[in-house]
Amino acid sequence: MISNEGTMSLGNVSSVSIVIPTYNRIHELKETLSSIENQTVLPKEIIIVDDNFESSLEPDLRSERHRLCEKGVKLRYIQNSTRVGLTKSRNIGVRKSSGEITLFLDDDVLLDKDYLKHLLHFYSVHREVLGVQGYWECNNKKSRISFISNILLRLFYLPHYEYDSCNVLPSMNNTYPLNLSYATPCQWLSGCNQSYRKTIFDEFQFDEKLIKYSWKEDLDFSYSIWKKYPNTLYIIPEARLIHKQSEVARMPNERSAYMK
C-alpha cells in the first residue's frame, strides 16, 4: 500500500496489456509485433489504436492476429476517429485494456525476448512500484550526441545524458541514463516504453489538450505521478529494447516546432 496524498492497493501481477498507438507505419508496426510474439513471457492482449481514420490497417494485420491467437494473445484493432492525437489514443487503449499492467509501446520499437519477463518480475518483487520502463538504445544516428555536445546541453538545462539518472530539470527538460547499471528511480518515463499498474488510471489520464504526437506527453503524465507518489517509478537495465525512431510519418520541422 502506498499512501502520500492518496491510497492505492497493489499486489502481485501476472498479466500485461500492451497498447500501441500508430500512424502510417505498417512495416515498423509489424516488426514491433514480431518482437512481442517472440517474448519468453507473452502479454494477455495487444491493443493497436490507429490514428489514421481514413484507411484501416486491420486487413494488413491478419497474419499477425492469427499467429498471436495461436499463442493465446488477443490482438485488438481500434481506429481513433474522435480526435487524432497520441494522448487520446493512449487513453482509448487504457479504457479497452484488462491486464494488471498496461504497457505503452511506440510502433517502432524492438523488444529483447526477455523484456516482459523482467518487467513482470520487477513489479512482483517491488510491490510499491507504480511504473516501470525498460532501457532503450537508439539506432538513429541523428539522435546520438558527442561528449562535448552533452556537456553543452547540460549547461543550458536541455535534454542530456547522465549516469544512472532519469530526472526532470528545472527547465522541464529531462535527463536519461547513460550506461544504466542498476534499477534506478525515475521522475519521468519515456513514451517509447512506459508501463503502469492499471490502478494508476483511476487517478491519472493523458492530457488530450496535447495535440498530434503530443510532445512531452510522456513527461507530463509520469512526472505528475512522481509528484504525488515519489520513488514509485523505475527504469531497469534488464528489460532492454531498441527504439528505431523511424522517420516515417514524422511531422515537417515547421509543424513540429509550432506544436512544441
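The values are calculated or read from the model by the stated rules, or taken from the named source; none is laboratory data. Just so it is clear, the structure is predicted and the values come from calculations on it, not from any experiment. FYI the Cβ positions are ideal-geometry reconstructions off the backbone, even for glycines, and counts take in every protein chain you see. Quick note on the areas: whole protein, heavy atoms, side chains included, nothing else; ligands and nucleic acids left out. Shrake-Rupley method; radii C 1.70, N 1.55, O 1.52, S 1.80 Å.
Evaluating Thr87 against the criteria (1) over 15 Å from Asn24 (Cβ atoms); (2) surrounded by fewer than 20 Cβ atoms within 10 Å (Cβ to Cβ) leaves one unmet condition, (2).
Among the residues that make up region 61-78, is at least one of them open to solvent by less than 50 Å² (accessible area, probe 1.4 Å), among the polar types (S, T, N, Q), modelled with pLDDT of 95 or more and not in a loop (DSSP other than H, G, I, E, B)? No, that holds for no residue. Confirm whether Tyr135 is part of a helix (DSSP H, G or I) and not aliphatic (A, V, I, L, M). Judged against the criteria, Tyr135 is not a match. Among the residues of region 99-108, those that are over 18 Å from Asp220 (Cβ atoms) and out of contact with any Lys or Arg (no Cβ under 7 Å at 6 or more places or on another chain) comprise Leu103, Leu105. Looking across region 11-60, the residues that are more than 22 Å from Asp114 (Cβ to Cβ), open to solvent by less than 30 Å² (accessible area, probe 1.4 Å) and assigned to a loop (DSSP other than H, G, I, E, B) come down to Gly11, Arg25, Asp51, Asn52, Leu57. Say we look at region 72-101 and pick out the residues that are among the charged types (D, E, K, R) and in contact (Cβ under 8 Å) with a residue 24 or more places away in the chain; which of these is farthest from Leu120 (Cα to Cα)? Checked region 72-101; the qualifying residue farthest from Leu120 (Cα to Cα) is Arg83.
Conditions tested, residue by residue: (1) open to solvent by less than 20 Å² (accessible area, probe 1.4 Å); (2) at pLDDT below 90.
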site: Val109; (1), (2): yes, no
site: Lys113; (1), (2): no, no
site: His118; (1), (2): no, no
site: Gln133; (1), (2): yes, no
site: Cys138; (1), (2): no, yes
site: Lys142; (1), (2): no, yes
site: Asn150; (1), (2): no, yes
site: Arg154; (1), (2): no, yes
site: Tyr161; (1), (2): no, yes
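Residues in region 95-122 that are farther than 19 Å from Thr22 by Cβ, over 16 Å from the mean Cα position of the chain (by Cα) and in a helix (DSSP H, G or I): 3 in all. Condition check: of a type outside the set (D, E, K, R), in contact with a Pro (Cβ under 7 Å, 6 or more places away or on another chain) and buried (at least 20 other Cβ atoms within 10 Å of the Cβ). Does Cys166 satisfy that? So Cys166 passes the test.
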